[in-house]
Amino acid sequence: MSILKLYHGSDRIISAPEYGVGKSWNDYGKGFYCTESIELAKEWACSEENKNGYANAYTIDTEGLTVLNLSDEKYNILNWLAILLQNRVFDLSLPVSIRARDYIIENFNVDIKNADIIIGYRADDSYFSFAKDFVNNSINLDQLSNAMRLGKLCEQIVIMSKKAFDRLVYIEDETEFADADIYYPKRVKRDEEAKKQYLDTERFEIDLNGLFINDFIRRKMTNEDF
């Protein structure tokens with residue numbers, strides 16, 4: 001991995017990212033959320049219609065840093081979901097969903113506190129809704145896994161520790177303007193395509209043969225069962 005080229009989508013230029021700031025309810029908590037794709041960063045920069053942004057460019061030397069890659073084969077989608085459930089705000093009003101959240105966190109959580117960098121899924125609106133359906137026992141694990149492949153699911157690279165922040169080098173010449181007239185529609189289209197495919201192929205397809213969260217709880221399944 002060593003030297004990475006990263007882009008951070010924002011409505012402003014960020015030449016000196018600050019450690020310890022940001023939203024605690026992001027996917028992996030406070031951190032600096034980046035991608036290796038400049039086009040994707042431009043979409044993320046244009047989160048509102050008619051509001052332009054920037055794909056801020058950086059390099060980082062990962063030598064000696066602890067990189068937690070949730071896309072590695074030793075992890076599964078429930079490991080990602082366990083982290084998400086602890087950080088993102090879920091509307092869990094049903095007893096089944098509250099029990100599911102507690103079970104997933106207890107049995108599939110991954111310790112991220114020593115990670116300098118985290119690599120994993122980005123839970124855009126559509127993917128966040130897929131995760132909620134699984135927690136609510138509405139879809140099974142196979143359907144969730146299939147849904148996460150819809151609409152060109154995005155992977156993000158998150159700078160977490162002070163040590164990693166200190167390695168970020170801003171590249172002014174490679175930072176690019178993001179035109180909202182171009183990239184906001186692209187962002188919306190990506191999300192809408194994922195939702196449409198989900199509704200067409202997963203959400204309303206009855207599949208009782210797969211493992212639902214209630215099955216995990218009843219059978220007391222853990223990471224060792226994968």
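Values computed for the structure shown
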{"item": "Residues (more than 14 Å from the chain's Cα centre (by Cα), over 19 Å from residue 180 (Cα atoms) and crowded, with 17+ Cβ neighbours inside 10 Å) located in the stretch 5-35", "result": "6, 17, 19"}
{"item": "Residue count, the stretch 91-106 (criterion: surrounded by fewer than 16 Cβ atoms within 10 Å (Cβ to Cβ) and among the aromatic types (Phe, Trp, Tyr))", "result": "0"}
{"item": "Count of residues meeting criterion [open to solvent by less than 50 Å² (accessible area, probe 1.4 Å), within 18 Å of residue 144 (Cα to Cα) and not in a helix (DSSP H, G or I)] in the stretch 64-87", "result": "2"}
{"item": "Single residue of the stretch 143-191 satisfying the filter (in contact with an Asp or Glu (Cβ under 7 Å, 6 or more places away or on another chain) and under 30 Å from residue 95 (Cα atoms)) that is modelled with the lowest pLDDT", "result": "147"}
{"item": "Any hit, the stretch 20-32, residues being at pLDDT 95 or above, under 18 Å from residue 108 (Cα atoms) and not charged (D, E, K, R)", "result": "no"}
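The values are calculated or read from the model by the stated rules, or taken from the named source; none is laboratory data. In this text the structure is predicted, and so the values were computed from the model without any measurement. As a convention, Cβ positions derive from the backbone with ideal geometry for all residues, glycine included, and neighbour counts pool all protein chains shown. Heavy atoms of the whole protein, side chains included, go into the accessibility calculation; ligands, DNA and RNA do not. Shrake-Rupley method; radii C 1.70, N 1.55, O 1.52, S 1.80 Å.
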